[in-house]
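Comments concern the structure below.
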Amino acid sequence: MSQQARRTELGTFLRNRRQALTRQDFGLPTPPRARTSGLRREEVSTLAGVSVTWLTWLEQGRDVNPSRQVLEALGRVLRLTASEAAYLLSLGGYSPRPPDAADQVQEVAPPSTQRLLNSLPFPAFAVAADWTIVGWNAAYAALYSRITTLDPADRNLLWLVFTDPHLRDMLPDWTADSRHFVAEFRAESGARLGSAAHSALIARLSEASAEFREQWADLTVEGFTSRRRRFVHPTAGVLDFEHHRLVPSDHPDLHIVAYVPEPGSAPATWIGGSPR
């Protein structure tokens, strides 16, 4: 979309949402011979702390560059939903802010996400923003059986990689795998840096694992890439997967991690979540 197209769309969107408001919701009287819905530009500008001239130019699609603060103020006054507010910011050339409540993470996978996990014939699980494992399917439980008996406080992927000897024994490429995980976790930690929960997790890991302390101190940052993963299962033996990660559109703070069997490999014979 060109800049002019974005400005035009931004103006149309603001005007549409302003005219869709109900005056009574703002405690405003209905002027004589006026509609009962919709606020005037002067009223919106006053409530948002934006000059009426600036608002007029925005609605007209003029060549002006509103700040993030102006668009966020208008979004609050216009009572936009989270999706609408993100759309308004994108029209202004801004990305949505990360959630303020950095310590609030999903504890259980939403029902729709759990149903998706259950429908997959290969190992898959869901992790929250802090990498807490919040849901998994039968195939993942067959691959890593301890997941069903872990204390919820220990059900964090990074914590398990560095502290669970059972999982470590299953990872013949543990050194490379762990370094990937630490670098990816750091890359995703920006919005949570300094939060109490994030600091507590790093402190706990640092105390429990010298290897984590060393890797965390390296300050390596790495975006996720799909890759081959190898496990040594206690009964099924060597299992090769391709590691993928997906983000549900309606739950962007969750990641679905899937281990897809490589063609012709032993995991391809898994049926009903159990190796045969």
From (1) surrounded by 12 or more Cβ atoms within 10 Å (Cβ to Cβ); (2) out of contact with any strand residue (DSSP E or B) (no Cβ under 9 Å at 6 or more places or on another chain); (3) under 21 Å from Ala128 (Cβ atoms), pick out the condition that doesn't hold for Tyr259.
(2)
Please identify the pairs in which a residue from segment 239-259 that is in the same structural domain as Leu116 (by TED's automatic domain parsing) and over 19 Å from Asn118 (Cβ atoms) has its Cβ atom under 9 Å from the Cβ atom of a residue that is surrounded by 20 or more Cβ atoms within 10 Å (Cβ to Cβ) and among the small types (Gly, Ala, Ser), counting only partners at least 6 apart or on another chain.
Glu242/Ala258; His243/Ala258; Asp253/Ala128; Asp253/Ala129
Residues that are among the small types (Gly, Ala, Ser), surrounded by 15 or more Cβ atoms within 10 Å (Cβ to Cβ) and assigned to a helix (DSSP H, G or I), drawn from segment 198-210
Ser206
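Out of the residues in segment 165-187 meeting the condition of being acidic (Asp, Glu) and buried (at least 16 other Cβ atoms within 10 Å of the Cβ), tell me which one is modelled with the highest pLDDT.
So in segment 165-187, the residues acidic (Asp, Glu) come out as 169, 173, 177, 184.
Checking the rest, the ones that are also buried (at least 16 other Cβ atoms within 10 Å of the Cβ) come to 177, 184.
Numbers: Asp177: 97, Glu184: 94.
The qualifying residue modelled with the highest pLDDT is Asp177.
Is it the case, given these coordinates, that Asp240 is acidic (Asp, Glu) and part of a strand (DSSP E or B)? If you could, list the steps in order and put the result at the bottom.
Numbers: acidic (Asp, Glu): yes; part of a strand (DSSP E or B): yes.
For Asp240, the condition - acidic (Asp, Glu) and part of a strand (DSSP E or B) - is met.
Results for (1) farther than 30 Å from Asp250 by Cβ; (2) small (Gly, Ala, Ser); (3) in contact with a Ser or Thr (Cβ under 9 Å, 6 or more places away or on another chain), shown as yes or no for each residue.
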{"site": "Gln4", "(1), (2), (3)": "yes, no, no"}
{"site": "Leu10", "(1), (2), (3)": "no, no, no"}
{"site": "Arg23", "(1), (2), (3)": "yes, no, yes"}
{"site": "Leu47", "(1), (2), (3)": "yes, no, no"}
{"site": "Glu59", "(1), (2), (3)": "yes, no, yes"}
{"site": "Arg68", "(1), (2), (3)": "no, no, no"}
{"site": "Leu71", "(1), (2), (3)": "no, no, no"}
{"site": "Ala82", "(1), (2), (3)": "no, yes, no"}
{"site": "Ala85", "(1), (2), (3)": "no, yes, no"}
I'm told Leu58 meets every condition in (1) in contact with a Leu (Cβ under 7 Å, 6 or more places away or on another chain); (2) assigned to a loop (DSSP other than H, G, I, E, B) except one. Can you identify the failing condition by its number?
(2)
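The values are calculated or read from the model by the stated rules, or taken from the named source; none is laboratory data. Note that the structure is predicted; figures quoted are calculated from it, not measured. Reconstructed Cβ throughout: ideal geometry from the backbone, glycine too, with neighbour counts over all protein chains shown.
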